[in-house]
Every structure is written in structure tokens, then in C-alpha cells.
Amino acid sequence: MGKVKKMFRYDNAGVLFVLPAFIYMLVFVGYPIIRNIILSFQDVSAGNLVRGVKNFIFFDNYLELFQDSVFRTSLFNTLRYTVLCLVFQFVIGFALALFFNRRFSFAKPVRGILLVPWMIPVTVTALMFKLLFATDIGVINYILRSFHLINKNIEWLTTPQTAMFALICANVWIGIPFNMILISTGLTTIPKELYESASIDGANKTQTFFSITLPLLKPTIESVLILGFIYTFKVYDLVYVMTSGGPVNSTHMLSTYSYKLSFEMFKYSKGSAVANVLLVILLVVGVFYIKATTKGEEA
Amino acid sequence: MKSKKVISLLAALAITAGLMAGCGSSGQTENTANTEGAADQEAQEESPAAEEPASEEATTDEAAAGGAEAVTIWYYWETEGHQVALDQVIQDYNASQGNYQVTAKYVPFADFKKQLSIGASADELPDIAILDSPDHASYVEMGIFEDLTGKFDVGSYYEGAVNSCTVDGKLYGVPFGVNCLALYYNEDMLKEAGREAPTTWDELMDTAKALTTDSVTGLALCSVQNEEGTFNFVPWLWSTGADSYSIGSENGIRALTFIQNLVNEGVMSKECINWTQGDVMNQFIAGNVAMMENGPWQIPTMQKEAPDLNWKVTLIPKDSQYSSVLGGENYAVINGGKVEGALDFLTYATSEEKVKFLMDKFGYISADKAIAESQFEADSPYQPFVEELNYAMPRGPLAEWPSVSDAISLAFNQVITGTATPEDAAAEAQATIDGIVK
């Protein structure tokens with residue numbers, strides 16, 4: 001009797017409540033990650049996936065990867081893509097949030113409509129942008145031509161530099177509503193009294209923005225940027241549909257290259273090594289996120 | 001306060017939409033994964049009578065749990081006509097005997113290799129897979145296919161097709177049907193330009209130039225950077241006398257240079273690198289392209305979509321020899337599954353009557369040379385493909401073919417986009433291939 005009672009003491013009961021979530025994480029998150037790390041230390045290809053010896057070669061896959069120019073390109077691409085997307089969608093999203101925070105008629109319905117890009121499935125958006133950026137039949141070239149900005153159609157998706165630009169445009173379009181809505185919500189939490197007293201003290205718009213709005217939005221901004229980073233960094237479907245990593249491997253991301261190695265070329269171990277590089281980078285960002293959010297709660 | 005509520009509602013909506021978008025890719029697979037569903041739809045469109053067997057299958061499925069052993073097939077044909085034809089053969093088979101109950105599952109082509117790989121490591125494979133022939137050797141090496149040596153008579157089959165499922169002298173599959181690539185041309189456009197169908201590369205270049213206008217490009221071929229692109233590139237490579245493993249040779253460089261010249265002269269659009277074979281066909285029937293390299297499986301769609309278009313098929317123009325590439329699917333039996341049932345179904349499906357039925361509905365050419373040669377009328381648009389088959393060679397068979405293929409399609413993509421000279425692209429591809437094939 002005493003033992004059972006002891007088990008249900010306040011502290012232990014807490015452990016019991018955590019247990020289901022813990023087991024779930026262990027089975028559905030922990031196991032695949034560990035399995036993937038083991039796979040990346042082996043030499044698994046078509047020949048020994050099912051039968052045969054899986055030799056441990058430890059870091060050889062990773063060493064090979066860093067000599068692989070496609071891997072280096074995809075690592076650089078993923079970083080470049082993430083940073084550029086974040087900058088543009090954050091700045092534009094912020095500006096729109098400020099704009100719709102003012103009270104004018106139709107502010108709310110228009111803000112609602114602006115959410116549409118974020119609700120459309122990514123594959124649909126990708127196909128849409130693929131058509132927009134098409135060389136001969138694309139709307140963008142058509143518009144540029146009718147304003148006489150170009151004489152010759154730009155080969156957006158078949159030239160390495162412009163293909164990346166097209167991908168970033170598509171993703172910024174998707175990401176703006178996400179940034180806007182979170183920052184809008186953040187703005188509503190700032191007490192109006194602060195702005196009122198600031199105006200009584202004679203502060204101008206710029207001063208109120210930098211002394212009230214920005215500092216009070218800091219926790220929101222941190223969350224938006226870190227969530228945005230994670231969401232953007234693991235991009236797969238957009239790239240797969242729009243360019244499949246082409247032209248000439250110039251728009252491969254870590255995710256698409258990992259898929260290609262594993263499931264098109266049967267180099268399972270190398271593919272999982274790429275996935276682990278992705279995981280490590282996101283893990284670091286995730287730690288920052290947890291730090292940022294818990295700090296916010298304490299304050 | 002009210003605005004906050006609206007925002008949170010919108011945010012909640014957006015999040016759910018995001019979640020659904022996340023499931024989109026896998027959900028889609030499931031939706032289309034049901035052959036019976038697709039077959040039903042098609043049946044309703046074409047003839048109401050054909051609907052019956054499909055619904056019958058649904059009921060016999062339950063009965064299968066009682067007596068008959070369930071045998072599953074995976075395939076990747078997205079064309080509804082193909083799905084209906086395969087389903088018909090399966091229905092007939094199920095009705096003809098009581099021991100086995102066969103069902104087929106559609107897996108999209110882009111996911112097919114992944115599903116087989118995952119299935120192999122998770123031990124969740126079908127009993128029969130109908131797969132793309134160049135991948136056959138890789139899965140044989142993986143050890144998931146049953147040795148079929150001596151169980152099927154493939155003596156009268158095309159040698160290339162049999163080779164694609166033969167490893168170390170053992171037969172690991174049965175060719176389903178074969179196809180190859182040839183040159184389609186728009187008859188009206190050629191007539192207008194006063195040209196005959198080209199037979200050599202020089203003639204092809206001349207003709208393509210003559211056919212190119214502001215709105216029409218002379219030639220198109222699928223140039224995506226994957227196996228589909230490689231399939232379309234190798235006829236040009238092989239025509240010079242180079243083989244798949246000697247792209248770095250003078251001949252290989254000549255093939256790359258020719259393709260690059262087509263693009264530089266403006267007679268082939270750079271956008272071909274984003275066009276699948278289906279896209280190329282669509283450009284052709286839309287009149288945006290005067291000639292294209294493509295396969296016979298496009299014919300039923302072309303006849304349906306553009307009945308008024310005048311087109312003909314001829315051999316792919318040659319450099320030093322006529323050349324084409326062998327495509328098609330093979331049946332493979334998974335070992336460790338219901339091998340007996342799988343063999344029984346395959347014996348049924350590879351009988352002459354069933355092969356003829358399937359080939360006819362698919363727009364495929366029989367892998368059995370004896371059947372193929374009498375399969376079409378002399379003036380049938382399929383007939384040139386039967387002739388082209390005599391020059392068609394298989395890719396591989398090699399377990400590492402996907403890596404070789406990647407090197408070849410990369411080299412062609414480099415010259416098409418102008419990111420490398422033919423010499424550099426050839427040298428780089430050769431170095432990759434030498435690292436794979438020792």
C-alpha cells in the first residue's frame with residue numbers, strides 16, 4: 001500500500017504524465033535519428049541494403065562529402081537561400097504588419113486575403129512559379145517585354161544564377177504572410193498607453209518605432225526569425241518541383257541532394273550523411289530557439 | 001479583443017492549411033494509389049459495361065481473405081488506359097482460378113525506386129514489381145528478386161530486353177514490353193519548308209534550321225537531368241560509335257558538341273532541360289516544335305488529343321550508325337514473397353493472347369520478337385519503332401547504372417546550358433564513370 005502511495009506522490013506522478021510523450025518521442029523521433037546516424041557511418045548501397053555485411057567506415061562518408069563539389073554547392077545554396085529568403089520575407093512582412101495595424105476600412109479582410117499564399121500547398125505554388133518564370137510562355141518575361149525592359153526573353157529557370165533567384169522569389173511570396181501574421185499578433189500585445197504617453201512627451205514616429213515597437217517586439221521577432229529559418233532551411237518540395245536541383249546541380253539544397261543520393265543513386269549512407277549535416281545545423285538553431293523562448297517566459 | 005480573436009482564428013486556419021500541405025505529397029500518393037478507383041473512373045467514361053469487373057474485384061477481395069492467397073503487384077504507369085488494361089488482365093486471371101487473388105497498386109514513378117528501397121529494408125515488398133528496365137540490375141544486386149532461370153521461355157524475345165534482366169547469366173525477370181525512341185516530325189511543317197525527313201546529323205541540323213521560326217523551334221528532346229534525360233541522350237552518344245562508358249572519347253565529345261550546336265543555333269530550346277517526355281510531346285502537338293525525339297507510348301495520347309495533326313515517325317538521324325535506346329518495363333518476382341502465386345500469374349500474363357492484349361492497349365511493342373513483327377500493319381505509326389528496335393541497345397545492365405546515368409545526363413545538361421565546353425563536360429563525366437566502372 002505504502003509503495004503504491006509513494007508512486008503517486010506529486011513528483012512521481014509528474015513523471016508518469018510525461019511518459020507517453022517521452023515514449024512517443026523516443027520511438028518516432030529518437031529511433032529514426034539514431035538509425036540514420038548509424039547508417040551514415042556505414043557503407044550501405046544497393047548491394048548490401050538487404051543482405052551482406054554493412055561495414056563501419058565511420059567518418060569516410062562525411063570526408064568524401066566535403067570533397068564533393070555538388071555537396072559544397074548545396075550547403076552554400078541552402079544557407080544563401082535561407083538568409084536571403086528570411087531577410088526579404090521578414091522586412092516585407094514587418095512592413096505589411098505595421099501597415100495593417102493602422103485602423104482603416106478593409107484592413108482586416110485584406111489582411112485575411114494576404115494569408116492565401118501561405119495556405120496554398122507548396123507544390124501548387126511551385127508549379128505556378130515554374131509557369132510564371134518559363135522562358136517563352138512565362139508571364140514575367142511577357143510583362144518585362146511589353147514594358148520594353150528586355151529585348152530577349154530571360155532564361156530564368158535554365159540559367160544557374162537566375163534559377164536561384166526564381167526559387168527565392170517563390171519562397172518569399174509564401175513566407176510573407178507567416179511573418180506578417182506573427183508580427184501583427186505581436187503588435188497587438190503592445191499596450192496603447194505607451195504610444196499615448198510617448199506622443200504626449202513629443203516623440204516622433206521614428207522614435208516611437210525604435211524605442212517602443214522594436215524593443216517590445218523582440219521576443220516575437222526572435223521566434224519569427226528562428227521558426228522561419230527552420231522552415232526555410234529544410235526546403236524540399238519547392239525546389240524539387242521547380243528545378244529538381246538543376247540546371248546542372250546549381251540549385252540543389254541539402255534536402256534534395258540527400259534524396260537524390262539515397263533514392264536515385266542508391267548511395268544510402270552518403271545520402272543519410274547529408275541529412276545529418278542538415279540535422280546538426282537545425283539542431284544548433286533549435287537550441288537558440290529554445291533559449292530565446294524560455295528567456296522570454298522568464299521575463 | 002475582437003481583432004485578436006480573428007487573428008488567432010486566421011492563424012489556426014493557416015496552421016491547419018500548412019499541416020495539410022505537409023501531408024500533400026504523401027496523401028496524393030494514397031489517393032492515386034488505388035488502381036481500382038482510377039479504373040472505375042475510366043470505365044465510366046469509356047463503357048459502362050467495363051465497370052462491373054472493377055467492382056467485382058472489391059467484393060472478391062474480401063472473399064480472398066477466406067480461401068485464395070493474395071498476390072500484390074506494384075507498377076508506376078500513370079496513364080489511365082494502361083491501368084485499365086492491366087486491371088482487365090488481373091480480373092480475368094482472378095476469375096480463371098481460385099488459388100490466388102491478384103491486386104495491383106500504383107506507385108508514382110518518382111517514388112517507385114524509393115518505395116522499393118524502403119520496402120526492401122523494411123521487408124514490406126509486393127510479390128511482383130513491374131519496373132523500369134535499367135534499374136533491374138541494381139535490385140538484383142540488392143538481392144530482392146527471385147532467380148527465374150528456366151521458368152520462362154524468353155528465347156524469342158529481343159536480346160537487349162532479356163539482357164536487361166539477366167545478371168551473371170541468370171534470368172531475374174521477364175520483359176513486359178519494349179519501346180525505343182525515334183524521331184517524330186510534323187509533316188505539314190516539313191512540306192511547307194520543302195524538306196524531306198532527315199537521316200543524318202547534317203541533314204537534321206539543316207532541316208531544323210529551316211523549320212525554326214519565331215514561334216516554332218526545329219527540334220525538341222527531353223533533357224532533364226535524370227534517367228529520363230539520359231534515355232534521350234544516349235542514342236546521340238551511341239550513334240557516334242561511343243558507348244555509355246566512353247563519353248570522354250573523341251566520339252563522345254562530338255555528340256556533346258552536336259547537341260550544344262543545336263541549342264546555340266537556336267533550333268532547340270534550352271527549356272528542354274525542364275521538359276519531361278510528356279512535356280515535349282505537348283509542345284509538339286501544340287505546334288511549338290517541328291520535330292521531336294520520343295517514344296511510341298505517346299501515340300495513343302497524340303491521336304486522341306490532336307487527331308488533325310499530320311505527323312510521321314522515322315529513325316533518329318545518324319552520325320556514323322543508326323542508334324536508339326531500349327526502354328520498357330520488366331516483371332520481377334520478389335523472393336521471400338508468394339513466389340508460387342507470382343509465377344502462376346506471370347505465366348498467365350505472358351501468354352501470347354494476354355501479351356497481345358496488353359501491348360495493344362498500352363501502345364507498346366511486344367518484347368517477343370515473333371509477336372512484335374506481326375503486331376502492326378505496314379502503315380501503322382508504330383511500324384517505324386519496330387524497325388528502330390533493331391538498332392536499339394539497353395542501358396547497362398549494371399548495378400551502378402544510376403551513377404553512370406547521372407554523369408551522362410550532367411554532361412549533356414552542362415553543354416545545353418553552356419556552363420561547360422563539350423571537352424570539359426566529357427572529361428568530367430569520363431572521370432566520374434572511370435571511378436565507378438573499373
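The values are calculated or read from the model by the stated rules, or taken from the named source; none is laboratory data. Everything numeric in this text was worked out from a predicted model, so none of it was measured. Cβ: placed from backbone, ideal geometry, glycine included. Neighbour counts: every protein chain shown. Accessible surface is based on the protein model in full, side chains and every heavy atom, while ligands, DNA and RNA are left aside. Shrake-Rupley method; radii C 1.70, N 1.55, O 1.52, S 1.80 Å.
What the table below lists for this structure:
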{"read-out": "Amide H contacts of B:N294 (H built 1.01 Å from N, under 5 Å, at least 5 apart or other chain)", "value": "B:A182, B:Y184"}
{"read-out": "Local electrostatic count, B:N226, Cβ distance below 10 Å [Lys/Arg +1, Asp/Glu -1]", "value": "-3"}
{"read-out": "Efficiency of FRET between B:E377 and B:F109 - r from beta-carbon atoms, R0 25 angstrom, step 0.05", "value": "0.20"}
{"read-out": "Over chain A: helical MRE at 222 nm, DSSP H runs n ≥ 4 each giving -39500 (n - 2.57), nearest 500", "value": "-22000 deg cm²/dmol"}
{"read-out": "Shielded residues, the range A:94-126 - accessible-area loss of 40 Å² or more between chain alone and all protein chains, probe 1.4 Å", "value": "A:K108, A:W118, A:M119"}
{"read-out": "Förster-model FRET efficiency, 25 Å R0, B:Q303 and A:I150, C-beta, rounded to 0.05", "value": "0.05"}
{"read-out": "Dimensionless Rg over Rh [the range B:321-433; C-alpha; Kirkwood]", "value": "1.10"}
{"read-out": "Residues along the range B:219-234 losing 50 Å² or more of accessible surface when the other protein chains are present rather than the chain by itself (probe 1.4 Å)", "value": "B:Q225"}
{"read-out": "Lysine pairs meeting the criterion (Cα under 28 Å, 8 or more apart or interchain), as found in the range A:68-298", "value": "19"}
{"read-out": "Cα-based radius of gyration of the range A:68-298 once divided by 2.2 N^0.38 Å, which approximates compact folds", "value": "1.19"}
{"read-out": "Accessible surface of the protein assembly as shown, 1.4 Å probe, proportion on carbon and sulfur as whole %", "value": "59"}
{"read-out": "Kirkwood hydrodynamic radius of the protein assembly as shown, from inverse mean 1/r over distinct Cα pairs, in Å", "value": "28.9"}
{"read-out": "Selection from A:P177, B:P394, A:T78 lying farthest towards where the dipole of the protein assembly as shown points positive, charges on Cβ", "value": "A:P177"}
{"read-out": "Built amide H within the under 5 Å cut-off of B:F145, gap 5+", "value": "B:N335"}
{"read-out": "Given 14 as the ceiling on other Cβ atoms within 10 Å, longest exposed-site-free region of chain A for trypsin sites (Lys or Arg not before Pro) in DSSP loops", "value": "A:153-299"}
{"read-out": "Segment A:Y24-A:L127, extension gain: residue separation times 0.36 nm, minus the distance between their alpha carbons", "value": "33.5 nm"}
{"read-out": "The range A:234-239 - phi-based ³J(HN,Hα) in whole Hz, Karplus 6.51/-1.76/1.60, Gly and Pro as x", "value": "9, 3, 9, 4, 4, 5"}
{"read-out": "Separation of the A:T162 and A:V280 label points, Cα + 7 Å toward Cβ, nm", "value": "3.8"}
{"read-out": "Value of relative contact order over chain A, rounded to a whole percent, pairs C-alpha under 8 Å and six or more apart", "value": "27"}
{"read-out": "Size of electric dipole in the range A:68-298: Cβ of Lys, Arg +1 and of Asp, Glu -1, about Cα centre, debye, nearest 20", "value": "200"}
{"read-out": "Longest segment of chain A lacking chymotrypsin sites (Phe, Trp or Tyr not before Pro) that sit in a DSSP loop with at most 16 other Cβ atoms within 10 Å", "value": "A:148-235"}
{"read-out": "Lys, Arg +1 and Asp, Glu -1 on Cβ, resulting dipole of the protein assembly as shown about Cα centre, debye, nearest 20", "value": "5080"}
{"read-out": "Interface size A-B, as summed buried accessible area [1.4 Å probe, Å², nearest 100]", "value": "3300"}
{"read-out": "Size of electric dipole in the range A:11-164: Cβ of Lys, Arg +1 and of Asp, Glu -1, about Cα centre, debye, nearest 20", "value": "720"}
{"read-out": "Separation in nanometres of the label points that stand 7 Å from Cα toward Cβ, at A:S199 and B:S121", "value": "6.2"}
{"read-out": "Spin-label proximity, B:K312 to the range B:172-199 - amide N less than 17 Å from point 7 Å beyond Cα toward beta carbon", "value": "B:182-199"}
{"read-out": "Leading residue at positive end of dipole, the protein assembly as shown (Cβ point charges), from A:V116, B:A370, B:G160", "value": "A:V116"}
